[in-house]
Every structure is written in C-alpha cells, then in structure tokens.
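Undergrad: Right, I'll just put the structure down here and ask away after.
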C-alpha cells in the first residue's frame, strides 16, 4: 500500500536560503515553459517572503525538497482579476522542480493534499489559473478534483480558471 499524502507531501514556509534551489528549478525545461525566468521570478518570490500577501512553500516529496507552491487571497488586492471568486477563496500556483519526479502522480497528490488541509481550515474554494496549453498542469488539477470555471485573459496572460470547492472529492484517477 502506498504511503498516504500526509507522509508523502510536506509543506514548509519557503526561506531565503531556498531561493537558489528555486532559481535552479526555474531553469528546468518543464518549468521554464510556464514560469518567468529566474531573474524575474526569484525577486518576486523573495518579495513574497517579506510581504506575506502570498504564502510561499517548499514542498518535500518523500522527504526530498522537490516542488514550490504559493497561495494567495485574491481579495487582498484591490485590482486582482480573480476578486469575483467567493470570499475566503485561495489561489494557488505550483510546480515540481525535480524533473525525475514529473509524470509520476505527484502533481495531483500534492495539490490534493494542500487543498484538503486548507478546506480543513475553513477555506471554501481553491482556484488555479494554468495556461490553457499547459496540458500537464490541466491534467494534474483535474486529477486533484479541480474543474474548469472560466477562461480569461488578464495581466497574467491567458488562463483557464479551475476550482475545487470544500466537500468536493478528488476525481478518480
């Protein structure tokens, strides 16, 4: 029997000394296709550590630092394009940095684990905004129980807004 997600996926707040690892992951082909290059993304992520509006996490998979996840409340920014979501909604963005762990079910696993923990805290909905051409990300969110809500073009680019509400099960894989 495989280990449960509580023992497989651990989330801890990102620290400044994690930034070189994040920068290296941002150069990996599977990440670089969808994220800003390190020279742009790392200062933004470092800013999240200081301002607290976005919570940044280092995700360990089976004890190995392997992924990045950030969550945010779209209602904390007066002009955020996702303010139309229910109050209490969290948005998330994530990537698996370690290339050898991509395509093994960890994306849906860590997304589902993070979502369940936030639902246990009272969050009513979690949304993500992958690019419509990012088929790997779309599949991972769908497997984690997210469903398409809307397609938009915002200051962040074209996105398929996907969401999962508290109480909704993960889709069978």
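Undergrad: Provide the packing ranking of 61-70, 46-55, i.e. peptides ordered by the mean count of other C-beta atoms within 10 Å per residue, highest first.
TA: Values: 61-70: 17.5, 46-55: 12.6.
By packing density, highest mean first, the sequence is 61-70, 46-55.
Undergrad: Can you put 29, 98 in order, fewest other beta carbons within 10 Å first?
TA: With the sparsest Cβ surroundings first, the list reads 29, 98.
Undergrad: Percentage of Cα-Cα pair distances in the chain greater than 29 Å, rounded to whole percent?
TA: Summing the P(r) of the chain above 29 Å gives 13 percent of all pairs.
Undergrad: Which of 90, 26, 76 moves the most in a Gaussian network model of the chain with Cα springs under 10 Å?
TA: 76
Undergrad: Still on this structure, I have one more. Quick one: order 35, 25 by neighbouring beta-carbon count within 10 Å, fewest to most. Please list the in-between numbers first.
TA: Details: 35 18, 25 23.
Fewest-to-most ranking of 35, 25: 35, 25.
Undergrad: If you don't mind, another one. Relative contact order for the stretch 5-165: what percent, with Cα pairs under 8 Å and sequence separation of 6 or more?
TA: Relative contact order here is 19 percent.
Undergrad: Another question about this same structure. What distance in nm lies between label points placed 7 Å from Cα along the C-beta direction at residue 7 and residue 98?
TA: In this crude label model, residue 7 to residue 98 measures out at 1.7 nm.
Undergrad: Something else about it: Looking at the stretch 67-173, what % of its DSSP beta bridges pair antiparallel, to the nearest 5?
TA: If I count the DSSP bridges inside the stretch 67-173, around 85 percent turn out antiparallel.
Undergrad: Compute from the Cα atoms of the stretch 74-156 the Rg and the Dmax, the latter being the longest Cα-Cα distance, and quote both in angstrom.
TA: Expressed in Å, the Cα Rg and Dmax of the stretch 74-156 come to 13.4, 40.
Undergrad: Sticking with this one: Quickly estimate the mean residue ellipticity at 222 nm for the chain, helices only: each DSSP H run with n ≥ 4 gives -39500 (n - 2.57), and the total goes over all residues, rounded to 500. Before the final figure, lay out each step's value.
TA: Details: 6 runs with 54 residues, N = 173.
Taking each H run of at least 4 residues, the total per residue is -9000 deg cm²/dmol.
Undergrad: By how many nm would the segment from residue 166 to residue 33 lengthen if fully extended, with 0.36 nm per residue of separation less the alpha-carbon distance?
TA: Answer, rounded to one decimal: 44.8 nm.
Undergrad: Please arrange 127, 161 by how many other C-beta atoms lie within 10 Å of their C-beta, fewest to most. Each step should come with its number before you reach the end.
TA: Details: 127 23, 161 20.
By the 10 Å Cβ count, ascending, the order reads 161, 127.
Undergrad: For the stretch 122-173, what class follows from the C-alpha gyration tensor (a ≥ b ≥ c being the square roots of its eigenvalues): rounded when a/c is under 1.5, otherwise prolate if a/b is larger than b/c, else oblate?
TA: oblate
Just so you know, all these numbers are worked out from the coordinates, no wet-lab data involved. Predicted model, so just to flag it, every value in this text is computed and none were measured. Quick reminder, even Gly has a Cβ in these numbers, built from the backbone with ideal geometry, and neighbours come from all protein chains shown.
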